[in-house]
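J.: First the structure, then my questions, so here it is.
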Amino acid sequence: MLNQLVLVLNCGSSSLKFSIINPNNGKKFLFGIVDSLLLPKSRVIWTNNSIQHKHFLNEKTSHIMALNFVFKKILKKEVKLFQSIVAIGHRVVHGGEKLKKSVLIDTKVINHIEEASCFAPLHNPINICGIKTTLNLLPNLSEKNVAVFDTAFHQTMPETSYLYAIPYFYYSNYNIRRYGAHGISHQYITYQTAKILNKSSVSLNIISCHLGNGASVAAICRGLCVDTSMGLTPLEGLVMGTRSGDIDPAIIFFMNNKLGISIQEIYKILTLDSGLLGLNGKSSDLRYAENKYYFDKNSKRSIDVFCHRLAKYIAGYTALMEDRLDAVVFTGGIGENSVLVRELTLSRLSLLGIKVDVKRNLQVRSGLCGFINIEGTTPVLVIPSNEDLIIAQETISLINKINE
Ligand code: AMP
């Protein structure tokens, strides 16, 4: 029977992802993506009953147009499925200081998400657009929309982790602190690792590495996040596709004072021209540098810096694990697939008892889940992320509580 299905919406800067999911068992009845939004030609790809469909939208498609297409031309045509949707879960990147866990959406919540836009200017306004459009398009479910935040999982960080060593005044008056991101993925990894290791998540100590176009590491102790590499915004931490991650803040003053580059241009350089792209000069796509690693010095350089930084974070986070480290876990497009990145990173960590099994590492990719360490050494797992499941579960549990 189709009951209690959740529609999950992930309205990103250039794409809209959607799925209809059973929160109890994770079964996805329909899922898809509208990509290349705001570009001349965007594409909708969706899968329903294991059949993939494709449709091209010829004009510059806005997020509102994409949502209209998804609701009217895809979802509403699946009458039974559509009628089984009892709630809608929206992924929201930044909850700021006011929204610390998943919440039912109302005007006040929308205002708070708007306030937190200063910390995620590329994401929160688009998330709000997705929420408002959904409220218009599905008025009968308008009281069943839930916001699930990428910052929420990191709210358990102690102040020793989330405070910057700048005058305290900037935290107390302006909320300048570390918030982290990718929390929904790190939460799923915690839940799934506990299942695989047959442990309760409240006693689980892991280091979760979400390596995609954006990348972050989280130190999770007794099931709770105690530190993470992203900061006030998703610019801090690891080397990413086009983001620099950690830099000496004095670089900004040098670029501005000595090179005459405007602050706005520096922000663009650090967010769009840096990371893997900046280091190899050609591509933010890890696959490009991976294919040329052994004969192109620019490609090698970009991956070596990426892995060096990642290994430093993993090693640093072992200091936060109290009595033991249960596992290091890789997820995200790079974490799930790049045999080379995993090998180069883990080989830097042998002092910590971490040893990669070359054969296992080669085998676990393309959506597979498994261990890649030599037996008897610290467990290293690869787990494909499933953020939709966490969003659906958070959404239904909140809706059920309200209905109680
Ligand atoms: P995500 O943001 O999680 O979709 O991940 C995007 C990143 O994953 C890009 O840098 C891709 O190059 C990388 N990626 C995706 N598939 C593979 C693969 N098969 N091998 C290596 N990297 C991959």
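J.: Which of the trypsin sites (Lys or Arg not before Pro) across the range 78-159 are loop residues per DSSP, with 15 or fewer other Cβ within 10 Å? List each step's numbers first, then the result.
T.: Values: sites: Lys80, Arg91, Lys98, Lys100, Lys101, Lys108, Lys132, Lys144; in loops: Lys98, Lys100, Lys101, Lys144.
Sites meeting the loop and neighbour criteria: Lys98, Lys100, Lys101.
J.: Apply 1/(1 + (r/R0)^6) to the Cβ-Cβ distance of Glu59 and Ser200, taking R0 = 35 Å, and write down the FRET efficiency to the nearest 0.05.
T.: Once the sixth-power term is evaluated, E becomes 0.10.
J.: Output the pairs from Lys297/Lys359; Lys28/Lys77; Lys41/Lys73; Lys258/Lys297; Lys54/Lys282; Lys108/Lys401 with a Cα-Cα distance over 22 Å in this structure; if there are none, say none. All intermediate terms of the calculation are to be shown ahead of the outcome.
T.: Numbers: Lys297/Lys359 26 Å; Lys28/Lys77 17 Å; Lys41/Lys73 18 Å; Lys258/Lys297 29 Å; Lys54/Lys282 30 Å; Lys108/Lys401 20 Å.
The answer is Lys297/Lys359; Lys258/Lys297; Lys54/Lys282.
J.: What is the Cα centroid distance between the range 348-404 and the range 184-217, reported in whole angstrom?
T.: Each part's Cα centre sits 6 Å from the other's.
J.: Assuming R0 = 60 Å, what is the FRET efficiency of Leu362 and Thr107, from their Cβ-Cβ distance, to the nearest 0.05?
T.: Computed FRET efficiency for Leu362 and Thr107: 0.70.
J.: If Lys and Arg each add +1 and Asp and Glu each add -1, what is the summed charge of the other residues whose beta carbon sits under 9 Å from the beta carbon of Asp388?
T.: Local net charge: +2.
J.: Could you tell me which of the pairs Lys100/Lys312; Lys195/Lys300; Lys100/Lys144 are separated by over 27 angstrom between their Cα atoms in the structure shown?
T.: Too far apart for the 27 Å limit: Lys100/Lys312; Lys195/Lys300.
J.: Working from the pairwise distances between different alpha carbons, so that the mean of 1/r is found and then inverted, what is the chain's Kirkwood radius in Å?
T.: Answer for the chain: a Kirkwood hydrodynamic radius of 22.1 Å.
J.: Among all the aspartates and glutamates, which ones have a C-alpha under 14 Å from Lys199's C-alpha, if same-chain residues fewer than 8 places away are not counted?
T.: Filter leaves Asp326.
J.: Let me ask something else. Within the chain, what's the longest run with no chymotrypsin sites (Phe, Trp or Tyr not before Pro) in a DSSP loop and at most 15 other beta-carbon atoms within 10 Å? Give the range, please.
T.: 1-163
J.: Rounded to the nearest 0.05, what FRET efficiency do Ser36 and Gln83 have when you use their Cβ-Cβ distance and R0 = 35 Å?
T.: Efficiency, rounded to the nearest 0.05: 0.65.
J.: Also, I was wondering about something else. Expressed as a rounded percentage, what relative contact order does the chain have, with Cα pairs under 8 Å and six or more residues apart?
T.: Rounded, it is 14 percent for the chain.
J.: Given charges of +1 on the Cβ of Lys and Arg and -1 on the Cβ of Asp and Glu, with all other atoms neutral, how large is the dipole of the chain about its Cα centre, in debye to the nearest 20?
T.: Details: 43 positive and 31 negative charges, 204 e Å.
Taking the Cα centre of the chain as origin, the dipole is about 980 debye.
J.: Is it possible to state the helix-based mean residue ellipticity at 222 nm for the chain, with each DSSP H run of 4+ residues giving -39500 (n - 2.57), the sum divided by total residues, to the nearest 500 deg cm²/dmol? What is it?
T.: -10500 deg cm²/dmol
J.: Please identify the DSSP H helices in the chain that span no less than 18 Å along the helix axis (Cα) and have a mean Kyte-Doolittle hydropathy of -0.5 or more.
T.: Qualifying helices: 124-137, 183-197, 297-318, 387-403.
J.: For the range 192-249, just list the percent of Cα-Cα distances falling in each 5 Å bin from zero outward, please.
T.: Using 5 Å bins, I get a P(r) of 5, 19, 24, 18, 14, 11, 7, 2, 0 for the range 192-249.
J.: Considering only protein heavy atoms and a 1.4 Å probe, what is the carbon-and-sulfur percentage of the accessible area of the range 192-344?
T.: The computed percentage sits at 57.
The values are calculated or read from the model by the stated rules, or taken from the named source; none is laboratory data. Worth saying up front: this structure is predicted, and the values here are computed from it rather than measured. No Cβ is skipped: glycine too gets one built from the backbone with ideal geometry, and neighbour counts run over all protein chains shown. Accessible surface is based on the protein model in full, side chains and every heavy atom, while ligands, DNA and RNA are left aside. Shrake-Rupley method; radii C 1.70, N 1.55, O 1.52, S 1.80 Å.
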